[in-house]
Each structure stands twice: as structure tokens, then as C-alpha cells.
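Report on the structure given below.
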């Protein structure tokens, strides 16, 4: 069955900027593997580095992608 | 023959097109002869604590932050776990250009000058003694 998220992740993986970026490769692999725990850990670390709470980051991300 | 359900609008493929403007060029990569020079991101900082996460690129490259006093350079990059990794490069003065060797050179020159001064003083003293002797003899 067609899965849009697979298509999106495949498109992202083919992006040369992502291919050159080891961090992005790691993040993409986490998404593709569906490793929620690891993904949450990375997201929390990024939020901590930027000094924002995960809730605020989620709000900002939703606003950026126009998600209600 | 008349067909009552025939659509009145005929298919005209050119109707919505813009005037012809070399459409093939849109999908072709544009090459130019400019050489892209790799750039290093970062800036000079007084304290590494003033560097924010926004200043560290997420493109896999490092940002370099030399301290104002030139004592060290901090390199920051994003790690695979979503944290910022910091590496510190400390100043090491190459051998032969150290302050100690400059001090040694200064000491050597100073010693040679002292020797030269002593030599001149001795020469003057001996001359003075000779002159005194001549003066005494003439009297």
C-alpha cells in the first residue's frame, strides 16, 4: 500500500544536502526505523540546546507547517 | 451533423500557455564558471558561553569561535544525538618562536654588549694610564 511518509523520507534521503550531512542521515534513519524513543530523545536534546520547551517547539512546528 | 451534447469549447492546447519563452531551460541545470569557495562559519568571541545554538549550523559543518585573546579556538557542531559537541583547540607556539627563545636571544645580545662595553672600558682605561705615564715622563 502506498505510504506518503515513505515517499517523503525517500525524497529527503535523496537530497544531496542530507546525503552530505551525517547528523541528518542519523535523524532520517531514526524516522525511517520508527524509533520513537530515540527520536524523542534527539528532539528533547535539540530543544534543550535551543533553550525552548518541547511543547513550545511543537507549537512552533505546527504553526510553521500550518497544522491545526 | 449536429450533436446536441457536443461541448462547445474545443480543445485548444495552446490556450493557457504563456508566449513561447524557451521552456526547456526551466528544467535544465544552470552551470556557471564561478568556483565556490568553502566558507568557515563562526566569529570571534570573548567567552564561549555567549555562543547560541542558532550560530551552529545543522548542515554537518563546524563553526569556529576563536577567543579574543587568541588563547584557544572552540569548534562547535551538532551531534547525532541532537546535542552540540564542542571541541577546544589550545594555542601551541611552535618551537623556535617561543618567548623563551626570544628571552635567550635577548640575554645573548645583552651579554655580548656587556662584553663589548667591558672591552671598550678596559681599552680606555689602558689608554688613560698610558697618557698619564706620558704626562709624568714629560714632567
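Mean partner shielding of peptide B:79-87, defined as the number of other chain Cβ atoms within 10 Å of each residue Cβ, is 6. Fully extending the segment from residue B:41 to residue B:105, taken as 0.36 nm per residue of separation minus the present Cα-Cα distance, adds 19.1 nm.
Just counting partner chain Cβ atoms within 10 Å, what average do the residues of peptide A:13-20 show around their Cβ?
1
Extension gain, residue A:68 to residue A:14, is 16.5 nm, computed as 0.36 nm per intervening residue step minus the present C-alpha separation. Per-residue shielding of A:37-44, expressed as the average number of other chain Cβ atoms within 10 Å of the residue Cβ, stands at 2. The value of relative contact order for the range B:40-121, using C-alpha pairs under 8 Å at least six residues apart, is 19 percent.
Here, each number is a calculation from the coordinates, and none is a lab measurement. These numbers were taken from a predicted model, which means no experiment stands behind them. Methodologically, a virtual Cβ is constructed for each residue, glycine included, from the backbone with ideal geometry; neighbour enumeration extends over all protein chains shown.
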